[in-house]
Amino acid sequence: MAPGDQSARVIRERDRGRFRAMGATLLISACLVGGVLGIVGLKVNQVKLSYRLEQLRLVRGQLEGVNRQLQVELATLRALARIESKARAELGLRVPSRDQVRMAREYVPGTGGTASLRTAWEEPPAPPGPRAR
């Protein structure tokens, strides 16, 4: 090509409308792909959580069974008849006779800064104040 020959050389102008349309198509496609990937990620997370929930429900059921067994065992261990039979059989204890029993006294605050001792067999003192007739 000669420097003065310009007819053989074609200059193409860029079509701005076509460039904008391609950019818009690319942006919309990226948004759609991002949305689809977000939904897929949420579904995967949902499946993981459902598996975890099922596992926790199984563990809860097992723990409830263990709790029921322990409640039965606790009730058995607290049974007074069982305690009495163990005391008689293993420790050799027996029911005390009447002369072996001593009543404990309890401290009862009195009125006016005084205090008294009384046994469980005694009647509690009358409350202070006017007496009903």
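Bear in mind that the values in this text are calculations on the coordinates, not laboratory data. Predicted, not measured: the structure shown is a model, and the values here were computed from it. Backbone-built Cβ (ideal geometry, glycine too); neighbour counts: all protein chains shown.
So what's Rg/Rh here for the stretch 17-85, counting alpha carbon atoms and using the Kirkwood radius for Rh?
Rounded to two decimals, Rg/Rh equals 1.69.
Subtract the Cα-Cα distance of Phe19 and Leu70 from 0.36 nm times their separation in residues, and report this length gain in nm to one decimal.
10.8 nm
If you filter the stretch 64-107 for GluC sites (Glu not before Pro), then keep DSSP loop positions with at most 13 other Cβ within 10 Å, what is left?
Glu90
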